[in-house]
Ligand code: TYD
Ligand code: MG
């Protein structure tokens, strides 16, 4: 009966729910962000649940059986590592990324691998036709009777199909394209995304299938229906990369079954995504020893790799000088220029300053402070960093150098890539095991001035 239907209004941005329409969301401050949707009446009330044995049954910890718990190999070591050792059965995993970045490609590759190695996979696409998927599969050289393609978009129907087939994993591409008939509003609205995801979670926990959901990212870099989805699912992976480059990074931003913050590096080839086992080689591919260029080892999760930092400083033609940074936080750049000027004694006012992290990656690590300062210094003074040198360290506001975590890993990676000189904070240089520093020239510095002087002496 229509008169009995109840509605709620949900903020598209943050998921805040209100019984009436609001112009501005009191939680996130967005204007005109409320969509109307039906309230879903849950069939059971709490009191009824109390009588339900299954809902209240408790298991002593030693009786929980781990037999049969085996992570699923997705066919890429890089991705298995980001997941903490493979896909966990019964888990719901979200793969977010901008349109065109390669989500459907990698999902089909994962589907191909699992279905060709003894598993069964359902791949539901709400965005493409079965023909399009077939074409992509041909390109990726994937073929298996255990890979079942569906073009359904009704989540209840999808779950029904999954239940009939009992696959190892189910892929839904994308969560924004599916809908629940009981919920009002178009696919892609927060209410729809929430209910569809909840249906997958509910099903995954009851059975042993796991889900990978593809999610599109909005312009500001979050998954549409943002934080809400991230809270619901077990793991959140983001697909990153610059359209100008061929490589892609998958970053684990949340992981209930392993460490978050790990990354996997891939390259987009004509035959799909390929793992990059040696990212340093890619990011340093075209490195030239020149003014304003510094190599630094960064840590991404548990893994070190080398990247190139560049700076260019030139007298400004205008009254207001420019500060432009690509791949590096601009506030941090202002901070480093102020430290260089005030504590390092170089003149940067009246200069236009441009800095860039090469290879299209974004870096947000304190260890890049010193490399950035040295890149600026060499650019101003027309110097080059000595050959085969890497630099890392955090700068304090007094110009003092602070140690950073994982110094041994950074040094080991530099050494593996044949770098011989390492400029690093004194505190990091203390207590380094000999096995790591063998054959390496350690240049320890405790103040920005000392770091600048170490270049003059060369
Ligand atoms: P796609 O997986 O469709 O992106 P998403 O699902 O995230 O929107 O990837 C699309 C891009 O990848 C497209 O521009 C073509 C390119 N591509 C390749 O370079 N090689 C390939 O083998 C495939 C399948 C796609
Ligand atoms: Mg796609």
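Please list, by residue number, everything in the range 368-395 whose backbone N is under 14 Å from a paramagnetic label point 7 Å out along Cα→Cβ of residue 331. Counting only backbone N, you get no residues. Along Cα→Cβ, 7 Å out, is where each label goes; now give me the distance between the ones at residue 438 and residue 456 in nm to one decimal. With each label placed 7 Å out from Cα toward Cβ, I get 3.7 nm.
Relative contact order of the range 284-456, taken over Cα pairs closer than 8 Å and 6 or more residues apart, is 25 percent. In terms of surrounding Cβ atoms within a 10 Å radius of their Cβ, 142, 422 rank from fewest to most as 142, 422.
Take the Cβ atoms of residue 381 and residue 302, set R0 to 41 Å, and the FRET efficiency comes out at 0.65.
FRET efficiency for the pair residue 342 and residue 246, taken as 1/(1 + (r/R0)^6) with r the Cβ-Cβ distance and R0 = 60 Å, rounds to 0.90. The angle between the Cα long axis of helix 103-116 and the longest principal axis of the Cα atoms of the chain comes to about 70 degrees, rounded to the nearest 10.
Here the translational diffusion coefficient of the chain follows from Stokes-Einstein with Rh set to the Kirkwood radius across Cα pairs; for 20 °C and 1.002 mPa s it amounts to 86 µm²/s.
Hey, what did the range 198-321 get for relative contact order, percent, Cα under 8 Å, at least 6 apart?
Result for the range 198-321 is 13 percent.
With the helix formula -39500 (n - 2.57) applied to DSSP H stretches of n ≥ 4, the chain reaches a computed 222 nm mean residue ellipticity of -8000 deg cm²/dmol. Summarising the label geometry, the points placed 7 Å from Cα in the beta-carbon direction at residue 132 and residue 275 lie 3.0 nm from one another. Taking every DSSP bridge with both residues inside the range 69-277, close to 40 percent are antiparallel.
Rounded to 0.05, the FRET efficiency of the residue 365 and residue 287 pair, given R0 = 22 Å and the Cβ-Cβ distance, is 0.70.
Taking label points 7 Å from Cα along the Cα-to-Cβ direction, residue 63 and residue 36 give a separation of 5.0 nm. The value of relative contact order for the chain, using C-alpha pairs under 8 Å at least six residues apart, is 12 percent. With neighbours defined as other Cβ atoms within 10 Å of a residue's Cβ, the residues 59, 153, 389 order from fewest to most as 59, 153, 389.
None of the figures in this text is laboratory data; all of them are computed from the coordinates on show. The structure displayed is predicted, hence computed values, not measured ones. In this analysis, Cβ positions are derived from the backbone assuming ideal geometry, glycine residues included, and neighbour counts consider all displayed protein chains.
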